[in-house]
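The values are calculated or read from the model by the stated rules, or taken from the named source; none is laboratory data. What you are looking at is a predicted structure, and each value in this text was computed from that prediction instead of being measured. Glycine gets a Cβ as well: all are built from the backbone with ideal geometry, and neighbour counts include every protein chain shown. What goes into the accessible areas is simple: the full protein's heavy atoms, side chains included, and nothing from ligands, DNA or RNA. Shrake-Rupley method; radii C 1.70, N 1.55, O 1.52, S 1.80 Å.
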Amino acid sequence: ATIVAKLLAKTAEERYQSADGLAADLRRCRDTLTPEGAIPSFTLGDRDVSSRFAVPEKLYGRESELDQLLAAFDRARDGGRILLSVTGRSGSGKTALLRELQQPVLERGGWFVRGRFDAQHRDTPHSALIEVGAELVRQLLTRSEDRVAVWRERMREVVGDSGQVLIDVLPDVELLIGPQPPAADLPHAEAEIRFNRLACAFFRLFAGPRHPLVVQLDDLDLADPASLKLIELLMAEPELHHLLLVSCFRADELTPSHPLSLTLRAVESGPAETERIELGALAVEQVSTILADTLGVEDDAVRSLAATLHDKTLGNPLFVSQYLRTLHAEGLLRFDAEARAWRWD
């Protein structure tokens, strides 16, 4: 039964990594079977070392940061409006950390959507926020027709006679509320105020006690001024609750006068709760664990290799993975088929 459970484990790293490892455990079951039909328990996978090189896609050394993320989400579920900034150098694991947040959010009935700013669309207002809104509408349209009908009426109430303004930036909204009359032409400043009011109402619709909203915005340091202004308005919106906005950016590239720095200070002085997680380098012990899991050995067996790897990569998670792949590609890290073990120079 425990062998079957291991074969069906949720993550690939917890399953058998080789047919030889499975066969070894089955042979041990056969050899230790008692006349009464019982098999003494033993640790599975002692001989299970895969000849296929793969660095596990697990999160290492970020347990406290993940706990902080989950605690922030719990506060958002309870009615909070939170801006949580996740910072760190390139390759520090910001994306990997937030990937661990998605499943708990979905299991608790929340919405989880993400958008990314990039330099190519820096002149396009609200690019990542439009991406977020489009994903929310797409997720909504996959619900049952009864649920969609309820949301259709709520959306129509929210947009009023300005539905076409929302459809112009989120075409899928028309599938929800149907064709809308043309919106009134307004001067630029008034049109921007109308759009921001609609956007706040749109996010207020999705963020509720039964379905808290988590929005992940990557590379916020590349955001356009209109997006930063809308984020500031969202975090100051008095009727918007049950929202966790997670922003990712490289803090080392920000100056005090950077537009994002000004926005963060404005949000911090407002009614929303703000929090920050800064991802530093991994410790040597954590690099040892990555190596041990990759090579199927105990931590002690790779401690000296881990120290070298840590010196070369400065404990950057992405660099650790890439450097290991390079060692394998160059034959400095190879599988000994006869000994069924990894060897390295």
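List of remarks:
- Rounded to 5, the percent of DSSP beta bridges in the chain classed as antiparallel: 15
- With a cut-off of 10 Å between beta carbons, the residues surrounding Arg340 carry a summed charge of -3, where Lys and Arg count +1 and Asp and Glu -1.
- Using a probe of 1.4 angstrom and keeping all protein chains present, the accessible surface of the stretch 150-221 works out to 48 square angstrom per residue.
- Taking the C-alpha atoms only, the angle from helix 303-313 to the longest principal axis of the chain is near 30 degrees.
- Note: relative contact order over the stretch 236-345, using C-alpha pairs below 8 Å and six or more positions apart, is 16 percent.
- The relative contact order of the stretch 69-192 comes to 15 percent, based on Cα pairs under 8 Å that sit 6 or more residues apart.
- Computed from Cα positions, the angle between helix 63-77 and the longest principal axis of the chain comes to roughly 30 degrees.
- A 1.4 Å probe run over the stretch 41-132, with the rest of the protein chains in place, finds 49 Å² accessible per residue.
- Average 1/r across all pairs of distinct alpha carbons in the stretch 1-139, invert it, and you get the Kirkwood radius: 19.5 Å.
- Each Lys and Arg adds +1 at its Cβ and each Asp and Glu adds -1 at its Cβ; summed about the Cα centre, the stretch 60-162 shows a dipole of about 140 debye.
- Annotation for the stretch 23-68: GluC sites (Glu not before Pro) lying in DSSP loop with at most 12 further Cβ atoms inside 10 Å of their Cβ are Glu36, Glu57.
- Using alpha-carbon coordinates, inclination of helix 317-329 to the longest axis of the chain, degrees: 40
- With viscosity 1.002 mPa s and temperature 20 °C, the Kirkwood radius over alpha carbon pairs of the chain converts through Stokes-Einstein to a diffusion coefficient of 91 µm²/s.
- Multiplying each eigenvalue of the alpha-carbon gyration tensor of the stretch 206-280 by 5 and taking the square root yields semi-axes of 22, 14, 11 Å, largest first, rounded to whole angstroms.
- Relative contact order for the chain, counting Cα pairs under 8 Å that sit 6 or more residues apart, in percent: 24
- Rounded to the nearest 20 debye, dipole of the chain from Cβ charges on Lys, Arg, Asp, Glu: 520
- With every protein chain in place, the chain: carbon and sulfur % of accessible area (1.4 Å): 52
- Low-density loop cleavage sites - trypsin sites (Lys or Arg not before Pro) in the stretch 132-228, where at most 12 other Cβ are within 10 Å (DSSP): Arg143, Arg210
- Rounded to the nearest 20 debye, the dipole size of the stretch 1-140 about its Cα centre is 280 debye, using +1 on the Cβ of Lys and Arg and -1 on the Cβ of Asp and Glu.
- Each helix, a run of at least 4 DSSP H residues, gives -39500 (n - 2.57); summed and divided by the residues of the chain, these come to -15000 deg cm²/dmol at 222 nm.
- Pairs of lysine residues in the chain that meet both criteria, 8 or more places apart or on different chains and Cα atoms under 27 Å apart, total 7.
- Restriction of the GluC sites (Glu not before Pro) in the stretch 141-205 to DSSP coil positions whose beta-carbon has at most 11 other beta-carbons within 10 angstrom yields no sites.
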